[in-house]
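Accompanying notes for the structure given below.
Taken together, the values in this text are just the output of simple stated rules run on the coordinates, not laboratory data. No experiment lies behind these values; they were computed from the predicted model shown. Positions of Cβ are generated from backbone atoms using ideal geometry, with glycine treated the same way; all protein chains shown enter the neighbour counts.
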Amino acid sequence: MTLSKLSRWLLPLSLALNVFLGTLAIVYRPHPPRHGPPNAANLIERIAESLPQADAVILRSVFARHAADLDQAEKTFHAMPDRVRTLLAAPQLDRDALLVTVVANRQAHDRMDDILGEMVVEVATQLSPEGRAALARWDPRPPPPPGGMPPPGGPPRP
């Protein structure tokens, strides 16, 4: 191949390589670590901070009565991805074990919903009108960062 033929292919080849590498850089760029939802204790504490003192005590005491059951359901629910990965990585897929895992996860999620629902009713019936109003205004989303940009995944706050 002569130099002129080589130079005719060099630019398109270089461009194609740059596009390919640029695409890889975009697709495989490091993502910031993703954090799941806060655990129940942290969430309860954030809510309690927004309530009048006496109502915060009520919320914390109701949570303390349900904490062990909620913690167990959360552990089961959050362990599911690892259990599924283990089952999928096995040389022979155990369909029944996978089904049991999926059902256990759904039951754990339902149990968490049930416990949280019981807690909401129990707390709401004991709170002062001011505490219920504060709870109604409570927003689970983090406050917007300085500069007014809303956090990803949610509409701007009113």
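Observations
- Residues of the range 103-110 include at least one that is surrounded by 11 or more Cβ atoms within 10 Å (Cβ to Cβ) and closer than 20 Å to residue 41 by Cβ.
- In the range 79-110, of all residues being among the acidic types (Asp, Glu) and assigned to a helix (DSSP H, G or I), the one that is nearest to residue 67 (Cα to Cα) corresponds to 110.
- Residue 83 of a type in the set (Lys, Arg) and more than 17 Å from residue 44 (Cβ to Cβ): yes
- Residues of the range 111-135 classified as among the hydrophobic types (A, V, I, L, M, F, W, C), part of a helix (DSSP H, G or I) and over 18 Å from residue 40 (Cα atoms), total: 2
- Every listed requirement among (1) more than 21 Å from residue 140 (Cβ to Cβ); (2) surrounded by 15 or more Cβ atoms within 10 Å (Cβ to Cβ); (3) not hydroxyl-bearing (Ser, Thr, Tyr) is met by residue 79 save one, (2).
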